[in-house]
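Heads up, the thing below is written out as structure tokens.
FYI, it's all coordinate maths here, none of it is from the lab. Treat the numbers as computed from the prediction; the structure is a model and nothing was measured. Because the Cβ atoms are built from the backbone with ideal geometry, glycine has one as well, and the counts that use them run over all protein chains shown.
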Amino acid sequence: MFETLIGALVVAVFCLLAWAVTATAEALLFGGLGLAALGFAYGIPTALVYHWLLHRSLSRHGRLPRRWWVSPTAHHDLVPPAERGSILLWAGIGGSGFVVVVLGIVLTSLGLWRARGL
């Protein structure tokens, strides 16, 4: 299942790149801004859920370090194995939101570059 998701994402990125080569500057601007907005729209809530689940799990088992939010991924080994899967799932979904935002910024930048006629 996970390998299928990776393959689908690679195909989607190549389709996005193929579209970006032929798209107009206006289409790149609107598409990039829309993609960045989509990434923020689901990335921020899923990141909040991830941090809430991590905090809940670590505090329930008495393993919550001080300033755990500075580097939350460093504390994944403190999470009990039974709870680790669901927490890492939310971390992965939130991380994919970041990737979508970055792709949107790249498309927007390309659209601005084309609009200037460079």
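Quick one: how many residues across segment 56-98 are more than 30 Å from L33 (Cβ to Cβ), among the aliphatic types (A, V, I, L, M) and in contact (Cβ under 8 Å) with a residue 24 or more places away in the chain?
Matching residues across segment 56-98 total 2.
Of all residues in segment 82-94 being closer than 26 Å to A41 by Cα and out of contact with any helix residue (DSSP H, G or I) (no Cβ under 8 Å at 6 or more places or on another chain), which is surrounded by the fewest Cβ atoms within 10 Å (Cβ to Cβ)?
Per the criteria, the residue is G85.
Does segment 55-81 hold any residues that are under 18 Å from G92 (Cβ atoms) and surrounded by fewer than 13 Cβ atoms within 10 Å (Cβ to Cβ), and which are they?
Passing the criteria: S71, T73, A74, D77, P81.
Give the residues of segment 23-54 that are surrounded by 18 or more Cβ atoms within 10 Å (Cβ to Cβ), over 15 Å from the mean Cα position of the chain (by Cα), hydrophobic (A, V, I, L, M, F, W, C) and closer than 22 Å to V106 by Cα, sorted by residue number.
Once the filter is applied, which keeps residues that are surrounded by 18 or more Cβ atoms within 10 Å (Cβ to Cβ), over 15 Å from the mean Cα position of the chain (by Cα), hydrophobic (A, V, I, L, M, F, W, C) and closer than 22 Å to V106 by Cα, segment 23-54 yields A23, L28, L29.
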